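Throughout, read-outs are computed from the coordinates displayed, never taken from laboratory work. Values in this document were obtained by computation on a predicted structure and should not be read as measured data. Here the Cβ positions follow ideal geometry from the backbone for every residue, glycine too, while neighbour counts run over all protein chains shown.
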Amino acid sequence: MALINLKDLLNHAKENKYAVGAFNVTNLGFIDYLIDAAIEENSPIILQIAEVHFKYMNLEEIVPAMINASKKVGVPICIHLDHGQSLETIVKAIRAGFTSVMFDGSKYPLEENIAITKEAVKIASSVGVSVEGEIGYIGGEVISEDSPTPQSPKKEFFTRVEEAVNFCKETGVDALAIAIGNVHGFYKGKPALDFERLSQIRDAVPVPLVLHGGSGISDEDFKKAVSLGICKINFYTAMSAAAVKRVREYLSENPGVVSYPDVVKKGMEEIKKVVRERLAVFGSSNMCAPEKTICISCSEESCNLVDPKMRPASRTILYGDLVEKISKEVISSFSKNK
Ligand code: 13P
């Protein structure tokens with residue numbers, strides 16, 4: 001099977017100097033197109049769902065569909081919760097089957113962010129699920145139905161090196177999202193990433209680094225960011241906008257069209273095209289090729305190569321009652337200590 005948690009996947013990316021693309025899923029239709037893009041690029045991929053997008057789908061239905069689709073293919077796939085906002089959401093996501101979760105406590109004061117992230121790590125790690133934390137504040141908007149207002153990053157919210165070091169040490173996160181001039185949604189003007197800060201954080205913290213707000217960043221800057229230690233890149237707004245643009249073109253070229261599935265297909269094909277291009281730029285294309293030895297947890301039927309560096313524990317596990325018991329205990333002890 002090709003399910004993997006974030007920790008094992010990003011550690012491989014770190015060692016092999018590439019980044020894994022993390023693309024937001026907002027309905028069932030995305031699953032096949034994103035996975036097909038990864039298969040065609042021979043690349044690992046992260047399918048993620050942001051908490052702000054829960055309104056579009058039922059987690060209990062879509063996550064099992066993502067897991068089933070991932071198990072059938074040879075490329076490694078991580079199913080990740082993006083920007084989880086509370087411990088309750090973290091538990092809900094783990095129970096739904098995510099192999100990885102993000103707790104985003106960046107809106108809280110540092111001490112509170114550390115305390116809640118630490119609890120998230122305690123809950124998730126007990127069942128082999130990885131945790132991404134955020135330090136500094138990325139800002140901007142993860143788009144939904146409205147057009148987002150272009151944003152400029154605020155320097156005062158950039159990640160501070162010492163805080164990042166302390167955050168990783170205190171919380172035990174598996175990956176760290178940092179603010180270095182990146183914002184969600186559209187950028188006001190040209191993005192200017194603080195590469196000096198990125199190198200300093202990379203040298204100071206032990207975990208793989210994550211770049212949110214991929215839409216609008218140039219290919220050249222992506223490659224530089226990857227060369228300086230970015231191992232996961234979140235990308236959504238531009239692929240959504242490209243799909244809407246393609247649908248508009250199709251409708252104006254074919255004003256008589258009444259077939260909804262054909263309209264949707266045009267948009268989804270555009271998403272697949274954008275994702276394939278991003279995977280190539282992030283350096284993960286052909287990482288599943290024999291000479292790259294990244295077969296991770298693919299089944300032996302679909303792939304005969306085994307990377308000895310990847311542990312069997314990278315496979316996802318059954319959570320059930322155990323998760324519920326542990327989560328209740330941790331949440332109740334956390335509430336008492338508050
Ligand atoms: P963009 O929508 O700006 O590409 O950012 C996506 C993201 O970071 C999701 O967490």
What number, in percent, do you get for the relative contact order of the chain if the mean sequence gap of Cα pairs under 8 Å and at least 6 apart is divided by its residue count? 24
I want the local charge near GLY21. Using Cβ-Cβ distances under 12 Å, sum +1 for each Lys or Arg and -1 for each Asp or Glu among the other residues. +1
Long-range amide H contacts for VAL131: which residues qualify at under 5 Å (H placed 1.01 Å from N, peptide plane, sequence gap of 5 or more or a different chain)? VAL101, ASP174, ALA175
Take the Cα atoms of region 1-68, build their convex hull, and give its volume per residue in Å³. 94
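Name the helices (complete DSSP H segments) of the chain with a Cα length along the long axis of 30 Å or more and a Kyte-Doolittle mean of at least -0.5, or state none. Write down the numbers at each step before the final one.
Values: long enough: 260-282 (33 Å, -0.27).
Span-like helices, by this rule, are 260-282.
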Base-10 log of normalised Debye intensity for the chain (one unit scatterer per alpha-carbon) at q = 0.07, 0.15 Å⁻¹: -0.27, -1.29
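From the helices alone, meaning DSSP H stretches of at least four residues, give me the mean residue ellipticity at 222 nm for the chain, per-run term -39500 (n - 2.57), in deg cm²/dmol to the nearest 500.
Value at 222 nm, helices only, nearest 500: -14500 deg cm²/dmol.
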Cross-link pairs LYS14/LYS154; LYS7/LYS272; LYS71/LYS107 - those with Cα-Cα distance over 32 Å: LYS71/LYS107
Mean Cβ-within-10 Å packing, highest first, puts peptides 330-336, 40-46 in the order 40-46, 330-336
How much net charge surrounds ARG276 when only the other residues with a Cβ under 13 Å from the Cβ of ARG276 are counted, with Lys and Arg +1 and Asp and Glu -1? -3
